[in-house]
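Chemist: Before I ask anything, here is the structure I am working with.
The values are calculated or read from the model by the stated rules, or taken from the named source; none is laboratory data. Computed from a predicted structure; not experimentally measured. Virtual Cβ from ideal backbone geometry, glycine too; neighbours counted across all protein chains shown.
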Amino acid sequence: MAVERQAWPRLRVADWQETRDTLHMWTQIVGKIRLAHAPLVNHWWQVTLYVSPRGLTTSTVPYGTGAFDIEFDFVDHRLRMRTSDGGVRGFGLQPMPVAEFHARTMGLLDELGVSTRIQGHPNEVEPAIPFAEDDRHAAYDAGAAHLFWRQLLQASRVLGEFRSRFAGKVSPVHFFWGSMDLACTRFSGRDAPEHPGGAPNCGDWVMVEAYSQELSSCGFWPGGGEEGAFYAYAYPEPDGFAGQRVGPSAAFYSRENGQFLLPYEAVRTAPDPDGDLLEFLQSTYEAAAGPGRWDRAALESDPARWAHRTHRPL
C-alpha cells in the first residue's frame, strides 16, 4: 500500500481490516502489560496507550524503583522496549501470529528483568482467543499501520485542542486498547447511575468503574464508516440527546451505536478538516451538557485567556 502524504490520510477500513484486527490484539497485549504494573487511576486511565511522534506508546510504566516503556514504532515498524537502567530490546513489526507476538514480547520483558504476568486473553471482543493460541490474526501491512497512526496523529491533535477548552475533570487524549479507539472524556462532576456492563469478555465491574461519573465522551474509532468514524456519546444519555442538532451536516445520531457519528472521510475531504471536527466535538458536547444541566460556566475555559501576554518572556 502506497503511503499518502496529505495531513489527513485516506485509509479504507476494508483495505486493512485483517491488519487492524491483528494490531488490535497486539495493542491489547502491550496494554495489559501496562495494566499489570501501573496503579489504578479513576476510570482505568492508567491502562491506556498514547499517540507518540512515531506510533503508540505506554509512556513511563513504574517497575520496582525504576520504570520502563513500550512503543509501537509505525515509522520504522518496530516494537521498542526501554528500561530506566539502560536496557533496550525490540523486534521488527511484520506479519506474524498473535501467539508469536505474545511470546516474543513476554520473552523480551523477561530478558530486561521486568517480570510480568497478564490475563491471557483479550477483552471486549468475541471470540476471545487466548493470545498464546491465536494463529488466526497474523496480518501486518506496514503501509496501512503507518496511515492508521497518521489518522490517530491528526485526531489526537484536534481532540487535544478541544480538551483545552474545559477546566473541569477531563481525561487525557488516550487510546483504549479494549475497544481500539482514541478517546477524550469530560465529566460534569456528578455521580452516574451504576453502569449495567455487557461488553463481551469484560467484567461488568470494569464498566462500573469506567462510567462511575456523568460524562460526555468523544473520539475516533477505525470502524463505523468507510474510513472509520469520529463518535460522541453521553452517559447517562440525557432526555432529548439523540434529537439535538449537531454539526457539521455529515454528522448523525446512530441508534444502532447509541452515539453521534461523523465519518472520517467527511472530515478528511472538508475544506477545513480541523474546523469541521471541532464543530462536531463542540456541538455534541453541548447536546449532552445542555439537556444534562451541566454547570457550563464553572466547567468551561478559554485556552486563549493568556494570549495577550504570550509575546512577553516569562
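Chemist: Considering each residue of the range 189-224, count those that are small (Gly, Ala, Ser), buried (at least 20 other Cβ atoms within 10 Å of the Cβ) and more than 23 Å from residue 294 (Cβ to Cβ), and give that number.
Modeler: Counting residues in the range 189-224 that are small (Gly, Ala, Ser), buried (at least 20 other Cβ atoms within 10 Å of the Cβ) and more than 23 Å from residue 294 (Cβ to Cβ) gives 1.
Chemist: Considering each residue of the range 243-277, count those that are among the hydrophobic types (A, V, I, L, M, F, W, C) and either loosely packed, with under 14 Cβ neighbours inside 10 Å or closer than 19 Å to residue 186 by Cβ (or both), and give that number.
Modeler: Of the residues in that region, 7 qualify.
Chemist: Out of all the residues in the range 94-108, which are out of contact with any strand residue (DSSP E or B) (no Cβ under 6 Å at 6 or more places or on another chain) and either closer than 20 Å to residue 139 by Cβ or part of a strand (DSSP E or B) (or both)?
Modeler: The first filter runs over the range 94-108 and keeps only residues out of contact with any strand residue (DSSP E or B) (no Cβ under 6 Å at 6 or more places or on another chain), leaving 94-103, 105-107.
Within the range 94-108, 94, 95, 96, 97, 98, 99, 100, 101, 102, 103, 105 qualify.
Chemist: Regarding residue 128, is this residue assigned by TED's automatic domain parsing to the domain that holds residue 32, in contact with a helix residue (DSSP H, G or I) (Cβ under 9 Å, 6 or more places away or on another chain) and among the small types (Gly, Ala, Ser)?
Modeler: no
Chemist: Got a sec? Which strands (runs of 3 or more DSSP E) wholly within the range 203-289 have at least 1 residues that are among the acidic types (Asp, Glu)?
Modeler: 213-221
Chemist: Among the listed residues 157, 186, identify the single one that is touching a strand residue (DSSP E or B) at 6+ places or on another chain (Cβ under 9 Å) and surrounded by fewer than 19 Cβ atoms within 10 Å (Cβ to Cβ).
Modeler: That would be 157, the only listed residue that is touching a strand residue (DSSP E or B) at 6+ places or on another chain (Cβ under 9 Å) and surrounded by fewer than 19 Cβ atoms within 10 Å (Cβ to Cβ).
Chemist: Could you please find all residues in the range 57-69 being touching a residue at least 40 places away in the same chain (Cβ under 8 Å) and either touching an Asp or Glu at 6+ places or on another chain (Cβ under 8 Å) or crowded, with 21+ Cβ neighbours inside 10 Å (or both)?
Modeler: Within the range 57-69, the subset touching a residue at least 40 places away in the same chain (Cβ under 8 Å) is 63, 68.
Result: 68, single match.
Chemist: Further, regarding this structure: It is to be established whether one or more residues within the range 70-86 are surrounded by fewer than 17 Cβ atoms within 10 Å (Cβ to Cβ), of a type in the set (D, E, K, R) and in contact (Cβ under 8 Å) with a residue 60 or more places away in the chain.
Modeler: no
Chemist: Related question: Tell me which of these residue 178 doesn't satisfy, since it passes every other one: (1) touching a Lys or Arg at 6+ places or on another chain (Cβ under 9 Å); (2) closer than 22 Å to residue 19 by Cα.
Modeler: With respect to (1) touching a Lys or Arg at 6+ places or on another chain (Cβ under 9 Å); (2) closer than 22 Å to residue 19 by Cα, residue 178 is out only on (1).
Chemist: May I ask you to say which residue of 93, 147 is within 21 Å of the chain's Cα centre (by Cα), buried (at least 18 other Cβ atoms within 10 Å of the Cβ) and assigned by TED's automatic domain parsing to the domain that holds residue 212? First the steps, then the outcome.
Modeler: Details: 93 fails: assigned by TED's automatic domain parsing to the domain that holds residue 212.
When all the criteria are applied, what remains is 147.
Chemist: Residues of the range 107-119 being under 23 Å from the mean Cα position of the chain (by Cα) and of a type outside the set (S, T, N, Q), which ones?
Modeler: Once the filter is applied, which keeps residues that are under 23 Å from the mean Cα position of the chain (by Cα) and of a type outside the set (S, T, N, Q), the range 107-119 yields only 118.
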